[in-house]
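What follows is one structure encoded as structure tokens, with my remarks underneath.
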Amino acid sequence: MTSKLTTTNHSRDIAGLKYVYPVISRRSGGLSIGINFNTNNACNWRCIYCQVPNLTVGVAPPMDFELLERELRFFLDYVLNGSFYHDFQVDKINRVIKDIAISGNGEPTSLKGFDRAVSLIGDIATELGVFPVSRFVLITNGSLVHRAEVQRGLKKLNEYGGEVWFKFDSATEEGRQLINHAGQSCQLSLQNLMLSAELCHTKLQTCVVDYDSGGLPLSERVALLNMLKKINKSVRLKEVLLYTLARPSFQPESVKLEKLSAEILNEFADQIRQLGFTVSVSN
Ligand code: SF4
């Protein structure tokens, strides 16, 4: 018996594979095929809204490239030519591969051989006709973009017409410490963001939450708008994905977190639009 895949069922092991998992995504509006490099639930950040169970500090474990290839070929064939949609009772409206997303239980660019993994996924999806119709997305906190291997991976991603969703939740040191436990300054993160945008189409993904009933503090709002004003002048970076908590966090701060209201999100989105950005809001 298989489960029904819905926008709230995000179990990474629903298909019984190690690296590949299906998600019906609210943000993309169809089937998103996720690739999880961080099978050890390790990340170099600890965001207080993180939904990774048993999150630990660390990097992705060594990749079994042969297994990744076997799983991806098997799964794409199952979706394209097999009974996947029927088996998982996917609603007709969602029966389309919107994207293949490198997005896992931790920071994917920490994988040794990150560039090789990007090429492998890109080559298989191109060979099977999934790219360039569907998008190739990397969801990252962007903290390792200064590394040569990551930059090679982003160049590859660009060759497949891919895009980077670069996490940028706060433009204050206090906010980054509170929300992301980032350990990387705002300035360095901004430099990585610029680098990413030079190498590949890049969108900012900004998660805003209500922490301890504080709403969206004015200082955070102003700092982020000022940062966006700066990058608006210098980088090809015109899109922001603004979202709030969709599911409960697995972090100890969970009890202090609430999603922000649609009203606040939309108001903030409008302020960002006034700077010339395209903003998608997900709440
Ligand atoms: S960067 Fe992503 S995986 Fe890492 S702690 Fe934050 S939300 Fe979790």
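Within the bounds of the range 256-269, is there any residue that is in contact with a strand residue (DSSP E or B) (Cβ under 7 Å, 6 or more places away or on another chain) and part of a loop (DSSP other than H, G, I, E, B)?
Yes: one or more hits.
Tally the residues that are within 12 Å of Cys47 (Cβ to Cβ) and either assigned to a helix (DSSP H, G or I) or more than 16 Å from the ligand (Cβ to nearest atom) (or both), restricting the search to the range 178-192.
Number satisfying all stated conditions: 3.
Find all pairs meeting these conditions: Cβ atoms under 7 angstrom apart; at least six residues apart or on different chains; first residue within the range 189-203 and in contact (Cβ under 8 Å) with a residue 40 or more places away in the chain and among the small types (Gly, Ala, Ser); second residue part of a helix (DSSP H, G or I) and crowded, with 21+ Cβ neighbours inside 10 Å.
If the second residue must be part of a helix (DSSP H, G or I) and crowded, with 21+ Cβ neighbours inside 10 Å, the pairs left are Ser196/Leu154.
Just to be sure before I move on: is Val235 touching a helix residue (DSSP H, G or I) at 6+ places or on another chain (Cβ under 6 Å) and either farther than 20 Å from Thr172 by Cα or modelled with pLDDT under 95 (or both) in the structure I sent?
yes
Assigned to a strand (DSSP E or B) and away from the ligand (no atom under 16 Å from the Cβ): is that true of Leu31 in this structure? Even if it seems obvious, please write down each step before you answer.
On the way: assigned to a strand (DSSP E or B): yes; away from the ligand (no atom under 16 Å from the Cβ): yes.
For Leu31, the condition - assigned to a strand (DSSP E or B) and away from the ligand (no atom under 16 Å from the Cβ) - is met.
Quick one: in the range 51-69, which of the residues that are outside any helix (DSSP H, G or I) and surrounded by fewer than 14 Cβ atoms within 10 Å (Cβ to Cβ) is farthest from the ligand (Cβ to nearest atom)?
Ranking the candidates gives Asp64 first.
So that you can scan it fast, the table gives a plain yes or no per residue for (1) buried (at least 16 other Cβ atoms within 10 Å of the Cβ); (2) under 30 Å from Asn54 (Cα atoms):
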| site | (1), (2) |
| --- | --- |
| Leu193 | yes, yes |
| Ser196 | yes, yes |
| Cys200 | yes, no |
| Thr244 | yes, yes |
| Arg247 | no, yes |
| Glu253 | yes, yes |
| Lys256 | no, yes |
| Leu260 | yes, yes |
| Ile272 | yes, no |
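Return yes or no: is Val235 β-branched (Val, Ile, Thr) and farther than 21 Å from Asn44 by Cβ?
Taking the combined requirement at face value, the residue satisfies it.
The values are calculated or read from the model by the stated rules, or taken from the named source; none is laboratory data. The shown structure was predicted, so the numbers you read here are calculated from the model rather than taken from an experiment. We place every Cβ from the backbone using ideal geometry, glycine too, and count neighbours over all the protein chains shown.
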